[in-house]
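J.: Attaching a single structure in structure tokens format; questions to follow.
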Amino acid sequence: MHMPDGYINLATSAGAAVVAAGGVATSLRNSGKELAERQVPLAGLTAAYVFAVQMLNFPVAAGTSGHLLGGALAAILLGPTLGALVVTVVVVMQALLFADGGVSALGLNVLNMALVTPVVGWLVFRWLMKVLPARTSSAVVSSMVAAAVSVVASATAFVIEYSLGGQGGVAVGTVLQAMVGVHALIGLGEGLITALTVGTVLAVRPDLVKGAADLPLVTDRTAPSRATTVTFVVGGLVAALVLVFVLAPIASSAPDGLEKVALDTGFSEAATDHPVGGPLADYGVSGVDSERAGTVLAGTIGVAATFAIGLAIATLLRRRRAT
Amino acid sequence: MIGLKVTDLSFHYPDRTQVLNGINFQIEPGERVGLLGPNGAGKTTLLLHLNGLLRAAEGTIQVGDLTLSDEVLSEVRRMVGFVFQDPDDQLFMATVAEDVAFGPRNFGFGQAEVDRRVESALEAVGESDLAPRAPHHLSGGERRKVAIATVLSTDSALLVLDEPTSNLDPAGRRELVNLLASLPATLLVVSHDLPFVLELCPRSLIIDQGRIVADGETRQLLLDRELLAKHRLELAYGFDPANIADR
Amino acid sequence: MSGSHAHALHYHGHSPVHHLPAETKLVGLLVFVLSVVSTPPTAIWAFCGYALILMIALGLSEVPARFFITRMAIDLPFVLFALLIPFVGVEPKIAIGPFAISEPGLLSAWNILVKATLGAGASVMLAATTEVPDLLRGLQRLKVPVVLVAIASFMIRYLDVVAGEFRRTRVAMAARGHNPRTVFDAKPLAVASGALFIRSYERGERVHQAMLARGYDGTWPSSGNERIAAKTWIVGLTPALFAVIVAIAARLL
Ligand SMILES: Nc1ncnc2c1ncn2[C@@H]1O[C@H](COP(=O)(O)OP(=O)(O)OP(=O)(O)O)[C@@H](O)[C@H]1O
Ligand SMILES: [Mg+2]
């Protein structure tokens, strides 16, 4: 989901940056003095946690994996303002220290991943908590739905940005279909992991779950949380069925949603042996954990290919303009 | 140097585990005192009270001539230096130098004075070279020494150390004894390392289940096999306090 | 996850680029990338110009090309994505062999490829030549709210600790035969993630205690705010300046 430079034009990127800055400033103002004093180390540790958890690839279905965005999780645990600040810091540092996400797209990335997900996740969570009976199991179910919706919302935000300032070439409808479709599936994984995480925290330290602060505290902490297990089994069953039937045919090791979209749409339109089926498709893309010789090779090939193809396209365009 | 007096201190955590049950003891200015006891005895909990990080429901704590309360909290924190059990909790800044400077800066010293303190504190623990390094890239022993430097830089008159010898190699341990013994400060040292306590602290307290169960000369306590066995304190194989000369 | 990924992209060195203050590099990076992004994709020579600027900076930084190129691998998923655009793009299409290639799609693919690659290259340059504490100080001097810088500082400080705990948990699970394959197998991972949050949070509380013990009163001590000489700014922004010239030229020509 980390957009690089060049996906979205300058005007839209700048607009997103202004919106994102406004959102962050609002969060900072709302969190106020309390953040300054007590919660700075807590927020920092949670940011480290979100960062670590983002590296967690979870199995989605046969051979496919996704990784957590963590925005809804952060909001449910810490509240929307602090959650948004924490994920903002994560996204900004990923861009500056790991070159993950373009600097000109920083506003877009913060908006999509650090503001939309916590805010949408929080709103959905709180709304469900109001509707559902005040029980721990409700919090778990709500977390699941909230996280799944937040991922789809984030993908939708991308599509809106694309329609405003995309560099064209692909119809907005195609992008919408692919992005939202794939992210609905990824959202299920996000929802499950988020729900189980929240469930675990609720069982051990319910006081740490900001979103469930008004739940009556579970007094007997040693009792196994049966509700969590039941929710997990039911939720997991539904999710697994959906995933197996929808996704299993496209067994792929592509871990990232954007790339997944590319592959899916590619499969449907182009001939089966399109240029991407090659060794690069299996590249361990998480970027951070790849250090080995194979990466050296893949990296070199990738960069060389970029320029070779660029040159080819350029020549082609020139020739067409000439005729 | 200042003394410390704890009177009738009782404390339970919010989840109702009663950890301290009427603690009483007194330490004279300049004394070096060991605090021994099994895991879970309440040692760390007791230390956290000494500069007001935890506030007891009952009892009083007197540091120097101040009785701990909200009004004197920052003054007490300035006098009491605290070395935590896990150096990763203590070293939170981006570089070692900034971490050692954290205390002096908070206490309002100017840049020149802060720099001087950072330099001399790191020199005292023999790790001046580490100043620009990131704490998470240090070895366990280096972390420990830097953690000690972070309180030396505040010139605290009373030092409270929670298991300072863990992760130190034998030479590092020896240097630590020498360093601590040479400081012009009152010391209260929690440790499971009985030879270390014997060497550094003429006097020790034993705490078990939130009570002080023994208070006396360290060597006498360590020679009392029955007392030690009762509180899960064991002398390491081959270590006999009776055979060791006084420092 | 490598041992200390907090520095995964850093290349230790003493080149002039390493010694530039971080804030000049940050501003330079932003200006450079904005120049690149604002350039119309048809101005091919302009992109060659940007690449040249980047290569000169790389040469000055003494970061080995191999190191640089491998660290840019983070760009790869988007290379893959861009490569597909011509196949799914809109009309008009041109036939190349068995494929119907979308012409606007082709242009768009090139646009993304070249800009993402140059942007990633510039970002890697910053990350490779800047120590984390310098970066944080640079952000602070650029008036990024001190609270955010403090959170970032804590995050980086404890990233290794937290990720290490997580890694150990996963190793321990694997050692006892956990091999996640279906969605049901994710449960232990998620439980570990919950436990990890609690541990991280409780460590945050202990760190807060450690800060209080050393006199923290809610105001983050700001380290020296010495200003940078105008000359240093000019030197640091030179590559960005050339990029701006290229960008303007690409618009005018
Ligand atoms: N935050 C907390 N909440 C609830 N109980 C706690 C908390 N911290 C410690 N305890 C409990 O209080 C008791 C005393 O803990 P403490 O950390 O003071 O022991 P200790 O003597 O330092 O042990 P060790 O030698 O293992 O460090 C233990 O039973 C522990 O489980
Ligand atoms: Mg302890």
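The values are calculated or read from the model by the stated rules, or taken from the named source; none is laboratory data. Because the structure is predicted, anything quoted here is derived from the model rather than measured. In this analysis, Cβ positions are derived from the backbone assuming ideal geometry, glycine residues included, and neighbour counts consider all displayed protein chains. Only protein heavy atoms, including side chains, enter the accessible area calculation; ligands, DNA and RNA are left aside. Shrake-Rupley method; radii C 1.70, N 1.55, O 1.52, S 1.80 Å.
J.: Arrange the residues B:D15, B:D65 by how much accessible surface each exposes, largest first, with a 1.4 angstrom probe.
T.: B:D65, B:D15
J.: Further, regarding this structure: Once you've got the GNM for chain C with C-alpha springs shorter than 10 Å, pick whichever of C:L58, C:L212, C:L126 has the biggest mean-square fluctuation.
T.: C:L212
J.: Here is a follow-up. Quick one, could you list the DSSP H helices from chain C stretching 18 Å or more along their long axis (Cα atoms) with average Kyte-Doolittle hydropathy of 1.6 or above?
T.: Membrane-span-like by this criterion, though nothing is claimed about a membrane: C:22-38, C:44-61, C:76-88, C:230-252.
J.: What order do you get for B:16-24, C:161-169 when each peptide is scored by the mean count of other beta carbon atoms within 10 Å, highest first?
T.: Result, highest mean first: C:161-169, B:16-24.
J.: Could you tell me which residue out of B:L198, B:H136, B:V100 lies farthest along the dipole of region B:88-233 toward its positive end? Charges go on the beta carbon: Lys and Arg +1, Asp and Glu -1, centred on the Cα centre.
T.: Selected residue: B:L198.
J.: As an exercise, identify the trypsin sites (Lys or Arg not before Pro) in region B:134-215 lying in DSSP coil whose Cβ has no more than 10 other Cβ atoms within 10 Å.
T.: Passing sites in region B:134-215 do not exist.
J.: Over the whole of B:72-83, what's the average partner chain Cβ count within 10 Å per residue? Rounded to a whole number, please.
T.: 2
J.: Please compute the per residue accessible area over region B:4-230 with all protein chains in place, 1.4 Å probe, rounded to a whole number of Å².
T.: Accessible area per residue, region B:4-230: 39 Å².
J.: Grab the beta carbon distance between B:Q26 and A:D207, set R0 = 45 Å, and tell me the FRET efficiency rounded to 0.05.
T.: Computed FRET efficiency for B:Q26 and A:D207: 0.75.
J.: Taking amide H positions as placed in the peptide plane 1.01 Å from N, state which residues far from B:E163 in sequence (5 or more) or on other chains have amide H under 5 Å from it.
T.: The answer is B:V190, B:S191.
J.: Could you pull the Rg and Dmax for chain C, using just the Cα atoms, both in Å?
T.: 23.0, 73
J.: Here is a further query. From the backbone phi of region A:71-76, what are the Karplus-calculated ³J(HN,Hα) couplings (6.51 cos²θ - 1.76 cosθ + 1.60, θ = phi - 60°) in whole Hz, Gly and Pro given as x?
T.: x, 5, 4, 4, 5, 5
J.: Looking at this model, which pairs from B:K5/B:K43; A:K210/B:K43; C:K25/C:K115; C:K143/C:K231; B:K43/B:K230 are more than 27 angstrom apart at the alpha-carbon?
T.: A:K210/B:K43
J.: Before we go on, tell me the buried accessible area for the C/B pair, both chains summed, 1.4 Å probe, in Å² to the nearest 100.
T.: Heavy-atom accessible area buried at this interface is about 2500 Å².
J.: When N is the residue count of region A:122-211, what does its C-alpha Rg come to as a fraction of 2.2 N^0.38 Å?
T.: 1.32
J.: Give me, ordered by chain and number, the residues 5 or more places off B:R203 or on other chains with an amide H under 5 Å from its own placed amide H.
T.: Distant-sequence amide H within range of B:R203: B:R32, B:G34, B:T218.
J.: Spelling out what I want: for every residue of region B:165-176, take phi, set θ = phi - 60°, compute 6.51 cos²θ - 1.76 cosθ + 1.60 (Karplus), and round to whole Hz; glycine and proline get x.
T.: Whole-Hz 3J(HN,Hα) from phi for region B:165-176: 8, 5, 6, 8, 6, x, 5, x, 5, 4, 4, 5.
J.: When only Cα pairs under 8 Å and 6 or more residues apart are kept, what is the percent relative contact order across region B:4-230?
T.: Result for region B:4-230 is 27 percent.
J.: Right, something else. Show the residues, 5+ positions off or on another chain, whose built amide H is closer than 5 Å to the amide H of B:V19.
T.: Excluding prolines and chain starts, which carry no amide H, the hits are B:F11, B:H12, B:Y13.
J.: Give the carbon-plus-sulfur fraction of the accessible surface of chain C in %, rounded to a whole number; probe 1.4 Å, heavy atoms of protein chains only.
T.: Result for chain C: 67 percent of the exposed heavy-atom area is carbon or sulfur.
J.: Two decimals is fine: what's Rg over Rh for region B:4-230, C-alpha atoms, Kirkwood radius as Rh?
T.: We get a ratio of 0.96 for region B:4-230.
J.: With θ set to phi - 60° and the Karplus curve 6.51 cos²θ - 1.76 cosθ + 1.60, what are the ³J(HN,Hα) couplings of region B:177-189 in order, to the nearest whole Hz, using x for Gly and Pro?
T.: Karplus-based 3J(HN,Hα) across region B:177-189 equals 4, 4, 4, 5, 5, 8, 6, x, 9, 6, 10, 10, 10 Hz.
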